[in-house]
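See below for the structure under consideration.
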Amino acid sequence: MRLRKCAAAVALALTALLGLLLAPEPERSAPRDTAYAAAVDAPAAPDALVARPPTDRRADADAGTNTNAERNTKAERNTKAQPNSNADAPAEGSGAVVDTTADTALTFRGLAFDTCQAPPLAAMRSWRTSSPYGAVGVSYGGRGRRCPQQPHLTRDWVAAVHRMGWQVLPAFAGSQSPCVRDERRRAAVIGASPGAEGQREGNEAVERAWALGMARGSALYLGLEAYDVDDVECSRATLDFVRAWNREVRRRGYVPGFHSAADAGVLHMERARLAGTGDLPSAMWFARRSAEPALYEDLYDEQVLNPYAWRPKRRIHQYDSDVTENHGGHSLTVGRSMADAPVARIRP
């Protein structure tokens with residue numbers, strides 16, 4: 001009897017053990033790849049033209065100033081940054097478009113002036129030591145520029161003013177919008193093929209800049225006079241032209257900028273940005289008259305632009321124009337701007 005009970009207990013134990021061994025293993029979830037998870041969970045990158053809000057508005061370490069000594073130091077630092085290899089040459093062929101938006105290591109922050117004609121070297125030398133300006137805007141090409149005759153503007157002139165410590169803001173006044181407000185500019189408007197014309201003039205802008213000694217990575221600012229941005233057909237043609245110009249300039253390794261009235265071309269570009277349009281300018285030079293000289297903070301308070309669009313180091317505010325100034329015995333009629341933006345990279 002006792003043996004029978006022991007045998008039954010052993011059999012029961014063996015049955016239970018066998019059941020445990022044969023039971024299916026519970027399903028386990030696969031371990032999560034942490035690198036993949038980080039990539040998936042990360043917030044989407046902001047638009048290339050829209051920066052995150054800054055933590056403060058103080059000047060950064062390489063900000064320009066209006067004192068001659070500090071401007072000279074900045075100019076020397078920028079000059080040392082100039083590359084001297086064949087990489088400076090414009091890209092050729094039909095390769096992929098290079099996004100040069102981030103290629104703005106050479107920037108200028110401070111006051112700039114521009115003239116219709118490039119001034120003589122004597123005036124540039126005098127203004128360099130006696131004026132508050134540190135950069136000069138140069139109308140260097142384009143069928144729409146007001147002063148096509150430029151007796152002083154040569155490669156030697158560009159090299160000479162750069163050696164003086166000036167930074168150069170190249171402005172290309174190409175074909176104008178079909179609905180340009182100034183009737184005098186209607187002799188050079190965009191035609192029936194805005195895309196093709198924009199590409200052709202973008203190539204012209206690069207070739208002309210290179211001939212004047214401006215290397216790849218230079219900012220080139222396309223200048224458009226004020227036009228009717230509410231004319232739908234005209235605005236479409238103008239935007240097609242601007243985008244094609246930008247694509248070609250980027251493809252050749254330069255940085256496309258844009259110069260226009262705040263309430264006209266600049267407003268148009270901001271509307272395009274809000275609509276998600278691509279191939280927009282990398283830097284914005286907007287004209288809006290101001291009773292007072294522009295301050296650095298004013299660059300990011302422009303009413304037609306989102307405060308976080310085209311920043312950092314992407315804006316110039318032209319706050320006055322056609323004013324005559326005399327420095328060191330040389331008088332020039334100029335436009336006045338406050339800049340925090342990319343400039344030309346001058347080849348040695």
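Could you sort 272-283, 322-333, 141-152, 249-260 so that the peptide with the highest average Cβ count within 10 Å comes first and the rest follow in order?
On the way: 272-283: 17.3, 322-333: 12.9, 141-152: 15.8, 249-260: 26.4.
Result, highest mean first: 249-260, 272-283, 141-152, 322-333.
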### Query
For a label point 7 angstrom out from the Cα of E233 toward its Cβ, which stretches of the stretch 191-206 have the backbone nitrogen within less than 14 Å?
191-193
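Report the FRET efficiency, 1/(1 + (r/R0)^6), for T277 and R181, where r is their Cβ-Cβ distance and R0 is 25 Å, rounded to 0.05.
Details: r = 23 Å, r/R0 = 0.92.
Computed FRET efficiency for T277 and R181 comes out at 0.60.
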### Summary
Restricting to Cα pairs under 8 Å and 6 or more apart, the percent relative contact order of the stretch 98-342 works out to 23
#### Entry: Net lengthening on full extension, A159/V323 (0.36 nm per residue, minus Cα-Cα)
56.4 nm
### Computed FRET value (nearest 0.05) for D301 with T115, which takes r as the C-beta separation and R₀ as 30 Å
0.65
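No lab work stands behind these numbers, since they all come straight from the coordinates. Keep in mind the model is a prediction, meaning the values are calculated, not measured. Don't worry about glycine lacking a Cβ; one is built from the backbone with ideal geometry, like all the others, and counts go over all protein chains shown.
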